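Read the structure below first, then the notes.
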Amino acid sequence: MREFSTGRKITSFGLMGLGAILSVGGLVLAIMKLLDNFRGAMIIGGVVMFFVGLYLFPTFKHHRSIVNVIFLFPLLFAFAVTVIVPLVLGIGYSFTDWDGIRVRGFIGLENYIRMFKQPGFLWSVLITVLFVVFNIILVNLVAFLLALLCTSKIKGLGFFRAAYFLPNLIGGIVLGYIWQFIFSNVVTKITTAIMQEQTYSMLSETKTAFIGIVIVYVWQYAGYIMLIYITGLNTIPGDVLEASAIDGASPTQTLFNIKIPMIAPTITICTFLTLTSAFKQFDVNLALTNGTGSVQNFFGNYLTNGTQMLALNIYNTAVINDEYALGQAKAVFFFIVLAIVSIVQVRVSNKREVEL
Amino acid sequence: MKKKVLSVLLAGAMAACLAGCGSTAGSDNGTAASSDGSAKVGAVRLLNGKPEIDSQLQELAALYKEETGNILTVETIGGDTNAADELKKMYQADNMPDIFVIEANQAGTWDGLLANLEGEAWTNNTGFELVDSSMGTIGFPYTVEATALGYNADVLKAAGIDASTLTSYEAYKTCFETLDAKKDELGLTAVLGWCAEPANLGWSSGTHVFGQYLDAGLAADDTTYIDLLNDGGKVDEARMLNFAKFIGLMNDYSDPALLVDGTYDQQVAGFKEGKYAFITQGNWCVTSPDDVAFECGFAPYAFEDGIDTIIAGPPSYWVSYSEGNVAGAKAFFNWCAGDSAQNILVNKAGLVSPFDDCQYEAVNPFYKSMKTYIDANKYSGWHTMLKKDGLQNVTCVVFSDYAQGKLDAEGFATTMAQVISSYYAN
């Protein structure tokens, strides 16, 4: 049986030990704000040494696992730093009075109780749900129809596919400002000319502004979802379609009895994507209306955030109103709702796929 | 073997790169060595919140180094980025500048982290410094801005209107009627360029125009209505109703194409082109004499008889981070209040100096009118900056609804009172 040399063992343990000492030492120096010019090199050098030592670890049995860990480490580390740690910290902050600078005290569930007492927040939840429902239906419907068009035998398919997808390449903020110009400067000029009196932009009225956001969102997102539907439609085996044609199925029968059931997994993906994306709507909302719009009587209150979706409400609470802890509490609530809705939606869709 | 050597080399290169990045960042924190080697106060980092004067501040930094040997590094933030938010990120990242910009109501957030500048030489030459009851003198005023109803003096003169008589609702009503009747003759599109669009101009209606309710007609240090507001969101009903009537008058005579859907650019362009006789902005909207071919002036928001003040003061301040280079910041502030720095800030950046001993007259077309009010002590404070953060996003929607005709004057006053009290309660 092969054995490891003493030199290898010493190198491995030595590098791991030295690496750990250097890394921890570098971190301590960073916390104490000492030796600015060396601590970065100490931490990075320590981490590299540690992993080299780990790679040379004298074991045959676990060597493959160690290699896997070394290769996975950068990804897991980045995931932990950018997702897991902020999530845990965010949950922690939501129980405090954090103002973005300091935590002055632990206040328990006060932020959670307070947010549900805010009529404006409840309104944001309500219109976000409405927005999601409208968008799941409209985006998928429009995208599916466009996909059918783009998988038919019309001329210039490439152009149509590119044209429908193009809005998705424009950022939401830019898109919001473009459409704001269209609604406020172009549409109003046309309507003023037709009505022979000054008309205002549809963005100045809460109900019509909401419709405006839906229109822009569908315009932006339908092209992207269309591409997924096109992929789904192209995976339907040709012989099945051919057999149905020989059996005398009409185009409508083919669509509802062959195509749609066979792209059920695609529908699942698309509804899931639309659901989560619509829930997280932020950029178009910010650029188009900035959440403004009045609601004359919402449980006896006059609201001024008529078109403010949940994500924008969270942002405004934290950044504009300077209430970071309350914003965090709302974000935690948002995370829980989104997680539950997504899990339920995927479960239901998967079940339906099996049945189909 | 080659692969292993390559791997080690690559890993080494990565470590060297990252270590290199670390050491570069660290080198900025040391005391700066001056070009002439004399004893200095160290390098100072300044976070500027006005992107439009970035190049002038870079010039200021160069002059500061030339004259004193001290290094000033100017970092600019602005546009759509919120400086207050960015500062919080900087604080969490332990990357705070030594000097940064704040608005008056943000001082509380930095409680205990701002240096007391009391007794510094520059404080003897201005009355615009930011003084906090618990932290002392904390804010250096780098400019003074004013807001009121800006007007085109040539148009008013041509219409036979004396701007100094505009100190009551009735006077304004007569003035607006006269101008409206002579619109074609005077080449006006509308009497007033007032825009209550809330999504992009909420800061104008919700902060500046609303600020007139808080301060118009009061002495600069009179905090009656801001104190009432900050006492749980209370408003003076009678004053608010008078204010509402005046806003109603503005709604009636503003350009309908601008009033509800307009933009800041349209509003300012209309005024500069002589299409509007009045504009609801401050001296920042016209900064260069080349922008306009007429004389500019300010008139008060006289929603109550006898109101004859404009609002003037620093919209924001530079403060010194107490855990940063305070000595360097103090040295810079004292130098900045001096002649050579004021020359750049006034003549090149187009700012209005807050210092009494400044010999330079601002080039801003509104300056002459501003100075008249300030010299006559007819200016009120910018207490609108002391309201609860974010209130402007609530009040601006009420202005918009009023402009659209969804509310009348009484409705505006009661709705305003309700949304403000609700905002403070929640």
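Here, each number is a calculation from the coordinates, and none is a lab measurement. All values derive from a computational prediction rather than experimental measurement. We place every Cβ from the backbone using ideal geometry, glycine too, and count neighbours over all the protein chains shown.
Between B:ASN116 and A:LEU34, take the C-beta separation as r, use R0 = 30 Å, and let me know the FRET efficiency to the nearest 0.05.
0.60
Quick one: longest stretch of chain A between exposed loop trypsin sites (Lys or Arg not before Pro), exposed meaning at most 13 other C-beta atoms within 10 Å and loop per DSSP?
Answer - A:156-356.
Kindly express, to the nearest 10 degrees and within the range 0 to 90, the angle between helix A:206-234's C-alpha long axis and the longest C-alpha principal axis of chain A.
70
How charged is the neighbourhood of B:GLY127? Take every other residue with its Cβ under 12 Å from the Cβ of B:GLY127, and add Lys/Arg as +1 and Asp/Glu as -1.
Residues near B:GLY127 contribute -3 overall.
Which ³J(HN,Hα) values, rounded to whole Hz and listed in residue order, are derived for the stretch A:46-53 from phi using the Karplus coefficients 6.51, -1.76 and 1.60 in 6.51 cos²θ - 1.76 cosθ + 1.60 with θ = phi - 60°, glycine and proline given as x?
Values, residue by residue: x, 5, 4, 4, 4, 6, 5, x Hz.
Which whole number gives the average count of other chain Cβ atoms within 10 Å of the Cβ atoms across peptide B:416-426?
Across the residues of B:416-426, the mean count of other-chain Cβ atoms within 10 Å is 3.
Compute the helix-to-body angle for B:409-425: its Cα long axis versus the longest principal axis of chain B, expressed 0 to 90° and rounded to tens.
The angle comes out at about 30 degrees.
Near the amide H of A:TYR200, under 5 Å away, which other amide H atoms are found, from residues 5 or more places off or on another chain, if H is placed in the peptide plane?
none
For the pairs B:LYS183/B:LYS234; B:LYS50/B:LYS89; A:LYS189/B:LYS272, flag any whose C-alpha to C-alpha distance is greater than 30 Å.
From the list (B:LYS183/B:LYS234; B:LYS50/B:LYS89; A:LYS189/B:LYS272), the Cα-Cα distance tops 30 Å for B:LYS183/B:LYS234.
How about the stretch B:357-415: which chymotrypsin sites (Phe, Trp or Tyr not before Pro) there are in a DSSP loop, with at most 16 other Cβ atoms within 10 Å of their Cβ?
B:TYR360
May I ask for the angle, rounded to the nearest 10°, between helix A:63-79 and the longest principal axis of chain A, with both axes built from Cα atoms and the value confined to 0 to 90°?
It works out to around 50 degrees.
Across chain A, where is the longest run that never hits GluC sites (Glu not before Pro) in a DSSP loop with at most 16 other C-beta atoms within 10 Å?
A:4-196
Please list, ordered by chain and number, the residues whose modelled amide H lies under 5 Å from the amide H of A:ASN305; skip anything fewer than 5 residues away on the same chain.
Under 5 Å from the amide H of A:ASN305: A:VAL295.
Averaged over its residues, how many other protein chain Cβ atoms are within 10 Å of peptide A:194-201's Cβ atoms?
What the average comes to for A:194-201 is 3.
Divide by every residue of chain A the summed helix terms, -39500 (n - 2.57) for each DSSP H run of at least 4, and state the resulting mean residue ellipticity at 222 nm, rounded to the nearest 500 deg cm²/dmol.
Value at 222 nm, helices only, nearest 500: -22500 deg cm²/dmol.
Do you know the relative contact order of chain B, to the nearest whole percent, from alpha carbon pairs under 8 angstrom that are 6+ apart?
So the answer I get is 24 percent.
Treating the beta-carbon of each Lys and Arg as +1 and of each Asp and Glu as -1, no other charges, what is the dipole magnitude of the stretch A:6-111 about its Cα centre, to the nearest 20 debye?
Dipole about the Cα centre, nearest 20: 580 debye.
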